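Below you'll find the structure, written out as structure tokens, and then a few comments.
All of the numbers you see were taken from the coordinates with simple rules; none came from a lab. Worth saying up front: this structure is predicted, and the values here are computed from it rather than measured. Backbone-built Cβ (ideal geometry, glycine too); neighbour counts: all protein chains shown.
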Ligand code: SF4
């Protein structure tokens, strides 16, 4: 493409956490074109189907919100207003609620797709000046169990590995993930490594036979929810086989004896029966892991989105710790981030229980440091509302106003009809969005049009702690503004000091200063360095990235040792019964992203799979009299879904699968998987149980 050469700018794909580099060109009509960036260290020029078509989502302006809109009461239609009118009224309403009901009567619900600078200013606004911790993002639905897993074992939310470890590993344990579809470019590297080194062992653990199984040496098709039992059984076998690292356990870890006792509570035969596996399969997995020189565990939503998500994470990371497979080339636990900048958000403290630079809200010194730096109000020690708790609080009336940006909760939250009732009850809803499609807009009192990818500048951090700069390449349409600018204009309307940044870089520099002397120190980093270096990995010390953590075996815990936890294997999810005999699990498809507000615009991507569907095993389908493409009615205690059946032995009997992407279409919400998913939460990470609930299935 000729104009790619002359006007090309380097940026980053804004879909998944792999964070592939892109080269973006622009013609004289401001139409973008795009290709993979060979200079990008994470992706080396490769892009998947979603990334290759990213520019179409910017070029197609047909669904874009162009002006602020507002209504004075719920019975009036929305009308076009100026930015000043929209923000003045929003500030007046927020002030009224804060004065009358206290700062916890308002909340912000943001996204793992926000840029780091955007997260930073929202977090500063609500925690530092409004005086509430009611800021959560859809990363709560995605990675919060992994965050807790890392903190409890390594002392901090720190991914130890880098992508270059892939080519140095000889055993991968991929669990609760389908990277062939959901993290494709990372998986291409695993596939290429396996092709060059056929002795590399790949174990895939998944109740479904996904495309990731194609290159697996062993597929452990376990019963949903039995991950802790399986991981503990493997731990026991590693101990019995003498395949543990006694030096690492003695010198760099604590908690081994209690762990050992806990994994010996079940025999291999008992564990295999619970998991629905053969003992020989678990033995083979333990053999591969025990023989590995470099062992990487990879996981994502199948472990995180669970009522026992924290326990699943701990039981997995334990396998790296007892084998000493961490802090060395080709080894370590490696959470695959779902969203492009969930990592950046966590770095600036963008969840209801975090503070910037991985500081802890429950630490008075940390609160004081941040408070002094911002010069605002005393930071509240009580964690704020998490994503689903915000909906509960709207329903019980304690939360009055919610500001939703860059996310589409009516499609993505579990038990969506409860969220629908909550937003109907809300006294005041602000929706900051790029598209006129999301269901949430129907509840808005104020709509604020936002700039999208390539229409604003800022930074993101991918799954390997790699920070990249994303330039503004074209103007946003109409009056749409960058998200950070909208938040800062609002903060100024509230008369809060410290939000008069001249540009996004000033926000970034302020963020870097708060990282000084922390484990994620990036002081000194700026946009010029990022443009020159293409990307850096945190911590960034004396002008050098650190690509792998814990090579010195010093961990971020108080004892400086990694902590091996005994893990209870009880499953607390909603279990099947005679009324709801099937287990429902949910997930993604290859060519759609989240709630389809961007990928749904691209014809090429819609060709792969056009509509929502139900996967059901042939034996279950036969018993229910369901044939391929029959419309199936799937019910849970919370609602129902009606979609065509796809009969496949890739799911186990007794298990059905729905994709998570579809929401309300043409007034019908019956495609929406989240009508029926469970909003039960992991008690520590507060991540919902999207991957397990009891449903019935019948032919419609
Ligand atoms: Fe974008 Fe992820 Fe695909 Fe890379 S793998 S091109 S980051 S969607």
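So here's what we get for this one:
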| read-out | value |
| --- | --- |
| Exposure proxy order (Cβ contacts within 10 Å, fewest to most) of 429, 631 | 631, 429 |
| Span from the the stretch 336-414 Cα centroid across to the the stretch 96-133 one, whole angstrom | 7 |
| Least to most buried among 681, 658 (fewest other Cβ within 10 Å first) | 681, 658 |
| Kirkwood Rh, angstrom, the chain [1 / mean 1/r, Cα pairs] | 25.6 |
| The stretch 354-473, relative contact order in percent, only Cα pairs under 8 angstrom and at least six apart counted | 15 |
| Taking 373, 508 and counting other C-beta atoms within 10 Å, the order from fewest to most | 373, 508 |
| Cα gyration tensor shape of the stretch 250-310, rounded if a/c is under 1.5, else prolate or oblate by comparing a/b with b/c | rounded |
| Beta bridges per DSSP with both ends in the chain, % antiparallel, nearest 5 | 50 |
| C-alpha center-to-center spacing [the stretch 445-494, the stretch 627-696] in angstrom | 33 |
| Prolate/oblate/rounded call for the stretch 570-700, Cα gyration tensor, a/c under 1.5 rounded | oblate |
| The stretch 144-336: C-alpha gyration tensor shape, a/c 1.5 cut-off, then a/b vs b/c | rounded |
